[in-house]
Amino acid sequence: MARTVFEKCDAITRVAEVFRELGFEGASLYEITERTGLSKGSLYHFFPEGKEGMAQEILADVDQWFVREVFEPLERDEACVAITRMWQAIDSYFRSGRRICLFGAFALDETRDRFAKPIRLYFKRWIEALDGALVRAGVDAVTARSLAEDIVGGIQGSLTLARALKGDAVFSRTLARLQRRVDDALSPKRKSPSYASTRNSLKEDCDRESGASGRRDRGE
């Protein structure tokens, strides 16, 4: 018997995982109800526009997470702190390579034209936000743009490889290599912590940055 889910956010999360596993075309209504435990009535209640409406709302939900956790910090926070946070947020969100990117998956699917605008805006904002943070961190404009594109592209490619090879190590290795490239582009005093230590020491790094910023503001 299908289990009733009363919150729409629960339905979005459950249906999103079906799309990640089966793709948009492969996710039939039957598969969605079977895999989520949602009844057809619940699905139509939450998503009256059908499967395409589900996909649009799920992409919007994913985008909001990235805006809050990745894009806005890169755009407004101290550059090195924001970049360091990005590595951790990406690793956590994609479950160290065990979870694919829906925007990336939809971009490669036959349905890409249906969702072309949100897909384009998602990748465009990520690249531009990272580009801006790299420039603020002292990387020259030409290098920053190229590096931002390579980082976003590398993350997407490693997620595809991790899924194809059924092994998440490729994702972790790619993140480590990409961070080393960022470190190489930064001046020695501004290099961020190694990827391996980021998971354990991010809070301490950010606290130190925040304290230093506060002392500068007070003229100490």
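The values are calculated or read from the model by the stated rules, or taken from the named source; none is laboratory data. Computed from a predicted model, the values in this text were never measured in an experiment. Here the Cβ positions follow ideal geometry from the backbone for every residue, glycine too, while neighbour counts run over all protein chains shown.
Observations
- Exactly one residue out of Thr160, Thr143 is in contact (Cβ under 8 Å) with a residue 60 or more places away in the chain and either out of contact with any strand residue (DSSP E or B) (no Cβ under 8 Å at 6 or more places or on another chain) or surrounded by fewer than 17 Cβ atoms within 10 Å (Cβ to Cβ) (or both): that is Thr160.
- Restricting Ala169, Ala162 to residues that are within 18 Å of Ile100 (Cα to Cα), at pLDDT below 95 and touching an Asp or Glu at 6+ places or on another chain (Cβ under 8 Å) narrows the list to Ala162.
- Any hit, the stretch 172-195, residues being within 19 Å of the chain's Cα centre (by Cα), at pLDDT below 60 and not basic (Lys, Arg): yes
- Scanning the stretch 100-123 for residues that are among the small types (Gly, Ala, Ser) and more than 28 Å from Leu165 (Cβ to Cβ) gives a single hit, Ala116.
- Pair list, Cβ under 7 Å, 6 or more apart: the stretch 6-29 residue within 21 Å of Ala162 (Cβ to Cβ), other residue at pLDDT below 90 and part of a loop (DSSP other than H, G, I, E, B): Arg20/Arg99; Arg20/Ile100; Gly23/Asp109; Phe24/Asp109; Phe24/Thr111
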